[in-house]
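Written below as structure tokens is the structure these notes are about.
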Amino acid sequence: MESNACQSEKSASAQHWVATLLEERSAVWSLYCKIGNMLPLNGDGNLRSALSEFSQLLIDYISLGHFGIYEHLLTDRPEQSSALSYAERIYPAFSKITASAVSFSDTYDEGRRKFRTDNLLQDLSVLGEHLAERMELEDRLCSMLLH
């Protein structure tokens, strides 16, 4: 049986991961909404800059959830079979959403030579749906991690 100190350390680690994930998520949604308020497109250079910043933040957030939380579950919480089992079940959806976010970032990051916004509204809409789905999955997983 684990010592109370070890359990307390694992609980603190879970709290840290969840708090960090929620901070990143909040920043992503805030910038997502800011970009939405910049539309319709008017050729504004601020949009390009905001999209680049959003793309980078999106990748940070996606990586934290996709790698950080899952890694935490596998290394620090293997005894939490219900959370691990749930994480394994939702992994395909997480992977799909990760691929969608990476594709969005690749398309709209400022480093692209041919920056086009022809499909931006549709791409933002699809990404928003994927992120909402991901957040529902994350909320349940985070709840399991903390309890």
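Coordinate-derived values only; no laboratory data. Note that this is a predicted model, so its numbers are computed, not measured. All Cβ positions, glycine included, derive from the backbone under ideal geometry; neighbour counts span all protein chains shown.
Observations on the structure shown:
- Qualifying residue in segment 65-72 (condition: aliphatic (A, V, I, L, M) and either at positive phi or more than 13 Å from the chain's Cα centre (by Cα) (or both)): no
- Extreme residue, farthest from the chain's Cα centre (by Cα), among residues of segment 121-137 that are over 22 Å from residue 18 (Cβ atoms) and buried (at least 16 other Cβ atoms within 10 Å of the Cβ): 123
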